[in-house]
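Chemist: Input: one structure, supplied below.
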Amino acid sequence: MSEMNGAQSLIRTLVDSGVDVCFSNPGTSEMHFVAALDTVPEMRGVLGLFEGVVTGAADGYARIAGKPAATLLHLGPGLGNGLANLHNARRAHTPIVNVIGDHATYHKQYDAPLESDIEAVAGSLDGWIRRSEHTKDVGADAAAAVAAAQDAPGQVATLILPADASWGEGGETCAPIPPRIPQVVDATKVKNIADVLTSGEPVALLVGGSGCREAGLLATSRIAAATGVKAFIETFPSRLERGEGLPTIERLGYLAEQVAYQLDGIKHVIVAGTKAPVSFFAYPGKASDLVPEGAQVHVLAEVGQDVPRALNDIADLVAADTEPVLQQASRPALPSGPLTPQNWVDVIGALLPERAIIADEANTSGLLLPAATAGAPRHDVLTLTGGAIGYGMPVATGAAVAAPDRPVINLQSDGSALYTISALWTQARENLNVTTVLLNNRAYAILRLELQRVGADASGPKANELLDLSRPDMDFVKIAEGMGVPATRATTAEELAEQFQRALAEPGPHLIDAIVPTLF
């Protein structure tokens, strides 16, 4: 092709490196990138109306596609607006190429109103950061960013692109750079962990990361069946494969009290692809470290190592003749009557389609969801890895872009939805097959629970006012329709079942405003 500018060399290098989707919310500094999209037709640009939608969509895309998407954000404030879902991506070890436009290099000295320390903001992500100072370096920096994003176990790679490096002529593409692959766990460590498993003492095995996919689950089930170890999946896996034909392995609880019950009597905790359990928050008079007192922690595989292989190596030592325990097909009966936190999950379990992707941000309303869907057709569950709410709608959006042939189900709480509800507009514009079931209890119910658990006085009217989402009640049907998404409201199990089936049968996005009482 003819001589390129920096933006063209960036996009061409991204595409050549396998990154062909860019979720964007651009500004003036990124206009040459925007213009360059028409010169590289292989790159798909997807507009988000808020940077938190952009970054969350990139997270959801990569969790399903198994490769990075790019983002395009505007200076430090744009990065700041997208930071919460980049935090979730960091915790999920999601590969993302995070392109941040900046002022032209010669303009920075004037301290214009949008001038900020982008490196400082991006530094909180503990990822890879590089600034392209010269047009000729942009392509090489882009290839390095793609490789860095995919270095095991995956990270956010931030490439800062000054406007003059973008518009300058003399851009050069760069060939793809292979990322670092996961390291294999040493055979000696595998043997030592096998000895712990066969010691006769009570053992818990906690699996996370890539161990939550089929190969890791099958090996974990074999280990548990052969040794009697208590096996658990980490509380918030980035992507958990489950359903008929796969082992059903219990997830570690969110509440410290649940974990204490699950690990009661355990003398050894083996971790693979995750860390030893800690309390999500500190509570007065309660321990932060949830490993039982006196128990030893053993690391089978670090997060960046080959977790499925390590689990299989262990299984070959301790469970050579043992088959995994597979979940049989089963469905709850369709319930009837008014919707409750207990029965709405049975509607989903009864009707969940084949190969569904669930983006789960149901929070307190979804406590019974795992049991209701255990025997449903095989599906993936994406969870809130970093705890920063407002993840569900954007992640569902990105997952639908990554897998247009699969139904995406966003199980969404009302309070969290409002952080990034403009994702619905992107779903409508891109005609994405996302069905959102919005659990509407008109409250920050999780905070009502936490107000009690931290020991604070929960009786005051001012305190309760800050946790209430009524007065006025929000009309999510009208909000969704205003963004181009067909929407209905369900107050009974029968209505939810009928509306859910209809939404799945029709192409494009849908939202169901499911009215449920709060648990707390």
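Chemist: So which residues in the stretch 284-296 are over 27 Å from the mean Cα position of the chain (by Cα) and in a loop (DSSP other than H, G, I, E, B)?
Modeler: Correct list: Pro284, Gly285, Lys286, Ala287, Pro292, Glu293, Gly294, Ala295.
Chemist: Let me ask something else about it. Got a sec? Which helices (runs of 4 or more DSSP H) wholly within the stretch 454-515 have at least 1 residues that are within 20 Å of Ala428 (Cβ to Cβ) and of a type in the set (Phe, Trp, Tyr)?
Modeler: Passing ranges, in order: 476-482, 493-505.
Chemist: Checking the condition among the acidic types (Asp, Glu), at pLDDT below 95 and surrounded by fewer than 20 Cβ atoms within 10 Å (Cβ to Cβ), which residue from Glu250, Glu241, Glu257 passes?
Modeler: Glu257 is the lone residue from the list that is among the acidic types (Asp, Glu), at pLDDT below 95 and surrounded by fewer than 20 Cβ atoms within 10 Å (Cβ to Cβ).
Chemist: Checking the condition at pLDDT 95 or above and in a loop (DSSP other than H, G, I, E, B), which residue from Val196, Val185 passes?
Modeler: From the options Val196, Val185, the qualifying one is Val185.
To keep it simple, each residue is scored yes or no on (1) closer than 17 Å to Pro341 by Cβ; (2) modelled with pLDDT of 95 or more.
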{"position": "Asp468", "(1), (2)": "no, no"}
{"position": "Val477", "(1), (2)": "no, yes"}
{"position": "Thr492", "(1), (2)": "yes, yes"}
{"position": "Gln501", "(1), (2)": "no, yes"}
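Chemist: With the requirement that a residue be in contact (Cβ under 8 Å) with a residue 12 or more places away in the chain and either surrounded by fewer than 17 Cβ atoms within 10 Å (Cβ to Cβ) or not polar (S, T, N, Q) (or both), what does the stretch 309-320 give you?
Modeler: Those that are in contact (Cβ under 8 Å) with a residue 12 or more places away in the chain and either surrounded by fewer than 17 Cβ atoms within 10 Å (Cβ to Cβ) or not polar (S, T, N, Q) (or both): Arg309, Ala310, Leu311, Asp313, Ile314, Ala315, Leu317, Val318, Ala319.
Chemist: Scan the stretch 275-308 for residues that are surrounded by 15 or more Cβ atoms within 10 Å (Cβ to Cβ), over 15 Å from Ser210 (Cβ atoms) and small (Gly, Ala, Ser) and jot them down.
Modeler: Matches in the stretch 275-308: Ala276, Ser279, Ala295.
Chemist: Hey, any hits in the stretch 351-361 for a residue that's under 20 Å from the mean Cα position of the chain (by Cα), under 25 Å from Ala194 (Cα atoms) and not assigned by TED's automatic domain parsing to the domain that holds Ala92?
Modeler: No, there is no match, as no residue in the stretch 351-361 is under 20 Å from the mean Cα position of the chain (by Cα), under 25 Å from Ala194 (Cα atoms) and not assigned by TED's automatic domain parsing to the domain that holds Ala92.
Chemist: For the stretch 95-110, check the following and say yes or no: at least one residue is within 30 Å of Ala219 (Cβ to Cβ), outside any loop (DSSP other than H, G, I, E, B) and small (Gly, Ala, Ser).
Modeler: No, because not a single residue in the stretch 95-110 is within 30 Å of Ala219 (Cβ to Cβ), outside any loop (DSSP other than H, G, I, E, B) and small (Gly, Ala, Ser).
Chemist: Determine whether the stretch 145-166 contains at least one residue that is more than 24 Å from the chain's Cα centre (by Cα) and under 29 Å from Cys212 (Cβ atoms).
Modeler: Within the stretch 145-166, none of the residues are more than 24 Å from the chain's Cα centre (by Cα) and under 29 Å from Cys212 (Cβ atoms).
Chemist: Tell me whether the stretch 419-427 contains one or more residues that are in a loop (DSSP other than H, G, I, E, B), modelled with pLDDT under 95 and over 24 Å from Glu241 (Cα atoms).
Modeler: no
Chemist: A further question follows. For the stretch 333-376, enumerate the residues that are out of contact with any strand residue (DSSP E or B) (no Cβ under 9 Å at 6 or more places or on another chain) and surrounded by fewer than 20 Cβ atoms within 10 Å (Cβ to Cβ).
Modeler: Passing the criteria: Ala333, Leu334, Thr340, Gln342, Ala350, Leu351, Leu367, Leu368, Ala371, Gly375.
Chemist: Tell me, yes or no, whether the stretch 268-283 has at least one residue that is more than 24 Å from the chain's Cα centre (by Cα), without any contact (Cβ under 8 Å) to a residue 40 or more places away in the chain and in the same structural domain as Leu218 (by TED's automatic domain parsing).
Modeler: no
Chemist: Within the bounds of the stretch 261-283, is there any residue that is over 23 Å from Pro370 (Cβ atoms), assigned to a loop (DSSP other than H, G, I, E, B) and among the basic types (Lys, Arg)?
Modeler: The answer is yes, given that some residue of the stretch 261-283 is over 23 Å from Pro370 (Cβ atoms), assigned to a loop (DSSP other than H, G, I, E, B) and among the basic types (Lys, Arg).
Chemist: Continuing with this model, one more query. Where in the stretch 297-377 are there helices (runs of 4 or more DSSP H), lying fully within it, with 3 or more residues that are closer than 24 Å to Pro277 by Cβ?
Modeler: 307-318, 369-373
Chemist: Looking only at the stretch 169-214, filter to residues that are aliphatic (A, V, I, L, M) and touching a Lys or Arg at 6+ places or on another chain (Cβ under 8 Å); which one of those is nearest to Gly154 (Cα to Cα)?
Modeler: Among those that are aliphatic (A, V, I, L, M) and touching a Lys or Arg at 6+ places or on another chain (Cβ under 8 Å), it is Val184.
Chemist: Another question, if that's okay. Considering only the stretch 378-404, how many residues are over 20 Å from His510 (Cβ atoms) and more than 14 Å from the chain's Cα centre (by Cα)?
Modeler: Here the count works out to 1.
Chemist: Then there is this: Within the stretch 37-75, track down each residue that is within 19 Å of Pro404 (Cα to Cα), touching a Pro at 6+ places or on another chain (Cβ under 7 Å) and aliphatic (A, V, I, L, M).
Modeler: Val53, Ala57, Ala62
Chemist: Still on this model: Could you grab me the full set of residues in the stretch 189-236 that are aromatic (Phe, Trp, Tyr) and crowded, with 24+ Cβ neighbours inside 10 Å?
Modeler: Phe232
The values are calculated or read from the model by the stated rules, or taken from the named source; none is laboratory data. Just so you know, these numbers come straight off a predicted model, no measurement behind them. Neighbour counts are summed over all protein chains in view; Cβ atoms, including those assigned to glycine, are modelled from backbone coordinates with ideal geometry.
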